[in-house]
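One structure is given here, and the rest of the page talks about it.
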Amino acid sequence: MTSIRNLSLATKFISLSLLISIILWGALDYFQSRQIATIFNQHLDSSLKIIAREDRAMFDDYFRSFGNSVRLLGSNQSLRDHLSSPKWDSAEKGHAPLLHQQLPQWLPGRAVLRAMPLIQYFLLIDTKGQVREIFLGHADAVPNELLEPRPIFHVLSHNQTILTKLDGKPFIVTTGAILDENELLIGYLMLTSPLDSDFIYASLKGMHRESFIALVNNYEKKVLASNRPDVIPPGINEAELTQQYHIIGKSFVD
């Protein structure tokens, strides 16, 4: 206390000014840091919302392209001729479907298929609902539930694209009716593909994203698939992601 009293007035004034400056600088730095963080988060949120809208639009277009593809393939004359042929009518019914590893004659060339979405399975179904033939476009095995699709599953996917589960995994499915030249029903064509990282990447049409894209089950709150399964693997909880990432999302079914 004595030492402070012995200081000159000028020294005391400088010391007090320095102390006030330090306090003010610390307070200003705190508030500026908070303000900068707020502005950064707002900018990040706005940028992610724009990217999310773009990604969502591309995914929706890719999803809808399944319906366009089944209508296009259903009008293929080779497919109509195949379903109208005596060989189709005389084939034994009630047996396991005929699996094609090579491109069958009732589908167009690979150049046409490459212009379509990533379709893993092409199924020919007769008018009784029995799967007769399957072409494995990009797959090695067929899900068991595709070999004998549930009737309600067939009805729901008719003339529309649905998201469902096959053997416990998410799949995109669409079904179209095949009509002969007299507009009579001669069979159905079903297109299916697993909703996995390959599907999401294909929906982005080769665009590189710094952000991660994931589809989350709205009920279980778990990731179904992402464009980076090495970072965001299927099955991870949404709560875990919110602790590490800034998330922008929108319901798939509007």
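Looking at GLY74, is it at pLDDT 85 or above and within 22 Å of ILE162 (Cβ to Cβ)? Yes, satisfied. Out of the residues in segment 210-241 meeting the condition of being over 14 Å from the mean Cα position of the chain (by Cα) and charged (D, E, K, R), tell me which one is farthest from PRO170 (Cα to Cα). Taking the candidates together, the pick is GLU210.
So if I check each of PHE40, PHE31, PHE63, PHE13, which one is at pLDDT 70 or above and of a type outside the set (Gly, Ala, Ser)?
Values: PHE40 fails: at pLDDT 70 or above; PHE31 fails: at pLDDT 70 or above; PHE13 fails: at pLDDT 70 or above.
Checking each option against the conditions leaves just PHE63.
Restricting segment 92-106 to residues that are modelled with pLDDT of 85 or more and in a loop (DSSP other than H, G, I, E, B), which is surrounded by the most Cβ atoms within 10 Å (Cβ to Cβ)? Among those that are modelled with pLDDT of 85 or more and in a loop (DSSP other than H, G, I, E, B), it is TRP106. Quick check on segment 108-140: of everything there that is of a type in the set (A, V, I, L, M), touching a Leu at 6+ places or on another chain (Cβ under 7 Å) and part of a strand (DSSP E or B), which residue is surrounded by the most Cβ atoms within 10 Å (Cβ to Cβ)? Step by step, filter segment 108-140, then rank; the result is LEU124. For ALA111, the conditions (1) more than 19 Å from THR175 (Cβ to Cβ); (2) more than 26 Å from the chain's Cα centre (by Cα) all hold with the exception of (2).
Does GLY109 satisfy being on the phi > 0 side of the Ramachandran plot and modelled with pLDDT of 80 or more? Please lay out each step first, then the result.
On the way: on the phi > 0 side of the Ramachandran plot: no; modelled with pLDDT of 80 or more: yes.
For GLY109, the condition - on the phi > 0 side of the Ramachandran plot and modelled with pLDDT of 80 or more - is not met.
Give the residue, chosen from PHE171, PHE212, PHE153, PHE199, that is more than 21 Å from HIS100 (Cα to Cα) and at pLDDT 85 or above.
Values: PHE171 fails: more than 21 Å from HIS100 (Cα to Cα); PHE212 fails: at pLDDT 85 or above; PHE153 fails: at pLDDT 85 or above.
It is PHE199.
The values are calculated or read from the model by the stated rules, or taken from the named source; none is laboratory data. Computed from a predicted structure; not experimentally measured. Glycine also receives a Cβ, built like all others from the backbone with ideal geometry; neighbour counts cover every protein chain displayed.
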